[in-house]
Structures are given as C-alpha cells and as structure tokens.
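The values are calculated or read from the model by the stated rules, or taken from the named source; none is laboratory data. Computed from a predicted model, the values in this text were never measured in an experiment. So basically every Cβ, Gly included, is an ideal-geometry build from the backbone, and we count neighbours across all protein chains shown. Heavy atoms of the whole protein, side chains included, go into the accessibility calculation; ligands, DNA and RNA do not. Shrake-Rupley method; radii C 1.70, N 1.55, O 1.52, S 1.80 Å.
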Amino acid sequence: RLLKSGPPIRSCSRSPPNSTKAFPGPRKGYDVNQKFHAPKGVAEYVPPDSAGFLAVKSALSRSAELAGYSYVELPIFEDTNLYVRGVGESTDVVSKEMYTFDDRGGRSLSLRPEGTAGVVRAVVEHNLDRAGLPIKLWYAGPFFRAERPQQGRYRQFNQVGVEALGSEDPALDAEVIAIAAEGFQRLGLKGFRLLLNSLGDTATRVHYREILTSFLANLDLDPETTKRAQLNPLRVLDDKRPQVQAMLVDAPLMRDVLSDSAREHHEAVCTYLRELKVDFSDAPRLVRGLDYYTRTTFEFVHDGLGAQSAIGGGGRYDGLMSDLGGQELSGIGYGLGVDRTLLACAAEGLEVTSGQRCQVFLVPLGQPAKLRLFGIAAQLRDHGVSVDLAFDDRSLKGSMRAADRTGAKLAVILGDDDLAAQTAAVKNLSTGDQQTVAIAELAETIQEML
Ligand code: AMP
C-alpha cells in the first residue's frame, strides 16, 4: 500500500498474538487475457545487462570485503516503527515513500527503504558490540521507496552498503569514504565527485536548528514547506526547487556554528582523505534525506546522470544506536546505488561485463557423444571452467551458431568416429583453428588454451 499521509503506527504488543484479522488476499476475478508486466517503476535486469549489474554489485562489495567488513544478510521487511524511530518520521522516505502493510498478526511492517536502521537493529539484537570494536559490516540487496519513477529513480532499487560502529576515530570516516571511492574506481569510473560536509554534533545541531528556524520563519514559504520548516528545518535546505533555493542563499550555514570538537573532527577527516588521495569538494549545504546523520556527511555524484546524479552517500550517526535501544555507540556508513552506478558506467561507455556466458561450448553429434560430453562438462566445471552444451540434438551448424551466441572461446565437437578414436575436436571460436585432442587430456588441454 502506498502511503499518502504517513504509516499506520501500531505497537506489536497491542495486537493479540494470534489475531485472525482478515488479510486482503489476491483480488478475486481476473482477466484470462491479462498480460503481466513487472510492477511500475522497478529496476529489473535480464541477460545480457544482468551480467553488468552483477559486475557492479561485486566490484562495490569487493572493496568492503578487502577492508575487513563482514557480510550481513538482513530481512527485507522490518517493524515499521524501526524506520519511524531510526530514519525519522518527518523524512520523505518514512512519511511518503514506505511500502507499509499489516501482516496476518496485525503487525505493521515496511519494506526496507534503507539499510542502516536494520543493521543497527541487528547489532543491538545480536549483541555484536560485545565483541571487539569497531564492528564492521557490509550488506547488499534491494530497497524500496514509492517514488515517482524516472530514469535512475526506481521503486525497487539496489544498494551495497557498509556500517562501522563503535569508533569515533575520524580515520574511520575517511576509510569508509575511501572504500566507496575505491569501489567506483575498481569499475573504471572517472566522472564522479565526492561532496563532503559536517552536520555538526548533537549540541551544534540544537543551536543550529534554532537559528535556522528563525531565518526560515522570515521567508515567504508555501504552507507545506512552512510545516516542514517547523518539523525539521534542515530538510528545507534540501529542497530542490529553484525558487526555494533562491530564498536560501543567505541561510545560516552549519559550518559557521560548528562546535570545536565537531570542527576538529571534520578537519581531521579532510586531512586523512588528502593523505589517502581521495579528492573531495566542500559542500556546506549538503544535507541528506535521512534524519540520523551527525558530523560527517557525504555524497558521490556523477555528472553523466542528469537529475538523479547521486550514486551513493552516507555519513556518521551518533544517536541512532541508543535510539534503537543499544548502548551509545557512534557509527558511520554508506549506501551505494548499484542501479545508478551501472547507468554511470554506461554513460562513460565502460564495458563492465565480459559479454561471455560460458568459456567452453560442447557440441555432441549423436547420442553416445552426448552422454560422454555430459561427463566431460561435469569434469571441466569441477576445474572451474564454465561450460554449456547443445541440447535438443541440433545439427552441427545449429550448434555452432548457439556456441557463437554464448561468447564461448572454445567449442568441443564430438561425433561417433571421434569417440571410437577416443579424441575430440577443439575449435578456437575466434580464430577458427581446430585441433584434435585425446579425450583423456581434454580437461588439461582446455585449461591451458583458455
Ligand atoms: P540514500 O539511502 O537516500 O542515501 O541513497 C543512497 C544511494 O542509493 C543513492 O545515492 C542512490 O544511488 C541510490 N538510490 C536511492 N534511492 C534510489 C531510487 N529510488 N532509485 C535508484 N537508486 C536510488
């Protein structure tokens, strides 16, 4: 259900545990001629593009693994209140964009709109903070926001993210930012920029909120924006409308009221980033769509993407873990958009996939050859070689066409005569060269040829 006026917030304890509340099952009656489509606004990937999607996801994940982050696999839906409390009731993400529904027990659940709240919930629930600190975790998977669909903005999209909890060391902020940048570089991306800001610590934010609220009170804002200014004045700074941005030119900046410790933290992060040779630009007006951020906040943007230019973002959160019932540990993390990163690769003309579905294609000519090639396929796969074979007893010509379509490097052709001689023909599909190889030496020879 798409929420128009905020999620229904229901405490679990108030619902009887085995409530028999009717669950709205599938709609009755359907058109037998109905054609099915993927739901509006979701990103889905089919071959050959799906290989690029996987390549982006694995490049972004790899840099987190290399920096000692452990994987977490978390639920795709959570208690709605986790997001209300964690992400913030006044954010667009929670108040307008969550897919919220009641389960059969009358509990309000929401498809996860972001990853941090779920990770922090899991850290608290599984006492992961009892082991050594910082706790370093990474995740990957789909997220859901009921946004207006457009290029690069989907209702189901994918992120790879990291969270590091239990250290306030500014070096950790820099490490998190650097591994995100490294993920993009691993793909060969060049046209991305890093925007960096500090949103101040809790004390700074209380003070800044006061001065920003009085500044906004003197502006001629429309009723909805005025309401937002009262609820969460920082969010107004994020308003993309030019007429609102024009009114905000002289808005006070968090940068000018940072506490000494928040300023020192920010300067230390900048120093570490310079040391790591990660380029960044100062973005004193950068605020992000989730309420939990304090101190370091950042966003990666790509200039080839038009309006939806953010390919990833994140920041530090000081109060989130205690807000969710844990001890007071600060954390820092990011979420990188896999879908937009893939679009950014396309915009730069980067080939992020090998275009190869398998390395070797097996062509049987006759039933005995087919049986034998099945065994050979298993043997080659055991050696880590990717193998496909021709099904449906096709002709040699049809099978070779199928081999070409897979992008395989080699084809192995086996007929009755070859079987009698215990040999097979191995054809290099790019040069057309063919050689005869003893079946007993096939696995070894093929590995050498690849
Ligand atoms: P956020 O959780 O809003 O900080 O988003 C982190 C990253 O996820 C963004 O920089 C985008 O790359 C990606 N992202 C967020 N929302 C969407 C969406 N609706 N469609 C596609 N990608 C998204």
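Taking H as built 1.01 Å from N, whose amide H comes closer than 5 Å to the amide H of Tyr99, not counting residues under 5 places away?
Amide H neighbours of Tyr99, under 5 Å, 5+ apart: Leu111, Ala146.
Got the relative contact order for the chain handy, in percent, Cα pairs under 8 Å and 6 or more residues apart?
16 percent
Apply the Karplus curve 6.51 cos²θ - 1.76 cosθ + 1.60, θ = phi - 60°, to the phi angles in the stretch 391-398 and return the couplings in whole Hz, x for Gly and Pro.
Taking θ as phi minus 60°, the curve returns 9, 6, 6, 6, 5, 4, 4, x Hz for the stretch 391-398.
Hey, with R₀ at 41 Å, roughly what FRET efficiency would Lys190 and Gln230 work out to, going by the Cβ-Cβ distance, to 0.05?
For Lys190 and Gln230, the calculated efficiency is 0.45.
Can you give the calculated 222 nm mean residue ellipticity of the chain, where each DSSP H run of n ≥ 4 adds -39,500 (n - 2.57) and the sum is split over every residue, rounded to the nearest 500 deg cm²/dmol?
-10500 deg cm²/dmol
Starting at 0 and stepping by 5 Å, how many percent of the alpha carbon pairs of the stretch 309-450 end up in each bin?
The calculated distribution, bin by bin, is 2, 9, 15, 15, 12, 6, 5, 6, 6, 6, 5, 5, 4, 2, 1.
How high is the FRET efficiency from Ala425 to Ala51, r the C-beta distance, R0 30 Å, rounded to 0.05?
0.55
Using 0.36 nm times the number of residues separating Thr202 and Glu441, minus their current alpha carbon distance, what extension gain do you get?
79.2 nm
Taking only Cα atoms and a 10 Å spring cutoff, compute GNM fluctuations for the chain and point out the largest among Leu219, Leu342, Leu172.
Leu219
Could you state the principal axis extents of the C-alpha atoms in the stretch 64-119, from the largest down, to the nearest angstrom?
41, 27, 15
Quickly rank 240-251, 368-379, 299-310 as a protection proxy: mean count of other C-beta atoms within 10 Å, highest first.
In decreasing order of mean packing, 240-251, 368-379, 299-310 become 299-310, 368-379, 240-251.
Using only the C-alpha atoms of the chain, find the volume of their convex hull and express it per residue in Å³. Each step should come with its number before you reach the end.
Details: hull volume 96.8 nm³, N = 450.
Each residue corresponds to 215 Å³ of Cα convex hull volume.
Over the stretch 251-303, what percent of the accessible surface lies on carbon and sulfur atoms, probe 1.4 Å?
Working: 1210 of 2510 Å².
The computed percentage sits at 48.
According to a simple spin-label model (label point 7 Å from Cα along Cα-to-Cβ), what is the distance in nm between Leu219 and Glu89?
It is 2.4 nm.
Which order do the peptides 220-226, 360-366 come out in when sorted by mean C-beta neighbours inside 10 angstrom, highest first?
360-366, 220-226
Between Leu389, Leu54, Leu212, which gets the highest mean-square fluctuation from a Gaussian network model of the chain, Cα cutoff 10 Å?
Of Leu389, Leu54, Leu212, the Gaussian network model singles out Leu389 as fluctuating most.
If you project the alpha carbons of the stretch 64-181 onto their three principal axes, what span does each projection cover, largest first, in Å?
Principal extents (largest minus smallest coordinate, Cα): 39, 37, 24 Å.
Collect residues whose amide H, placed 1.01 Å from N in the peptide plane, falls under 5 Å from the amide H of Leu414; neighbours closer than 5 in sequence don't count.
Amide H neighbours of Leu414: Val363, Leu365.
Report the full-extension gain for the segment Gln243 to Ala307: residue separation times 0.36 nm, less the Cα-Cα distance, to one decimal in nm.
21.3 nm is the gain from fully extending Gln243 to Ala307.
For the chain, take the longest principal axis of its alpha carbons; what is the angle in degrees between that and the long axis of helix 170-186, to the nearest 10 within 0 to 90?
40 degrees
If ligands, DNA and RNA are left out, what is the accessible area of Asp49 with a 1.4 Å probe, given in Å² to the nearest 10?
For Asp49, the solvent-accessible surface is approximately 100 Å².
For the stretch 143-249, what is the charge dipole size about the Cα centre, in debye to the nearest 20, if Lys and Arg each add +1 at the Cβ and Asp and Glu each add -1 at the Cβ?
620 debye
Does the stretch 201-310 classify as rounded, prolate or oblate by the C-alpha gyration tensor (a ≥ b ≥ c root eigenvalues; a/c under 1.5 gives rounded; else a/b over b/c gives prolate, otherwise oblate)?
Working: a/c = 2.36, a/b = 1.32, b/c = 1.79.
It comes out oblate by the Cα gyration axes.
With each label point set 7 Å from Cα along the Cα-Cβ vector, what nm distance links Ser386 and Gln34?
3.6 nm
Assigning unit charges at the beta carbon (Lys, Arg +1; Asp, Glu -1) and nothing else, what dipole magnitude in debye, to the nearest 20, does the chain show about its Cα centre?
With only Lys, Arg, Asp and Glu charged at Cβ, the dipole is about 1660 debye.
Report, for the chain, the % of DSSP beta bridges that are antiparallel, rounded to 5. Can you show the working numbers first?
Numbers: 53 of 66 bridges.
Bridges in the chain are about 80 percent antiparallel.
Mind checking the per residue accessible area of the stretch 165-223 for me, 1.4 Å probe, whole number of Å²? All intermediate terms of the calculation are to be shown ahead of the outcome.
Details: 2560 Å² over 59 residues.
Roughly 43 Å² per residue, with all protein chains present.
In straight Cα distance, which lysines are under 27 Å from Lys28, not counting same-chain residues fewer than 8 positions off?
Result set, ordered by chain and number: Lys4, Lys40.
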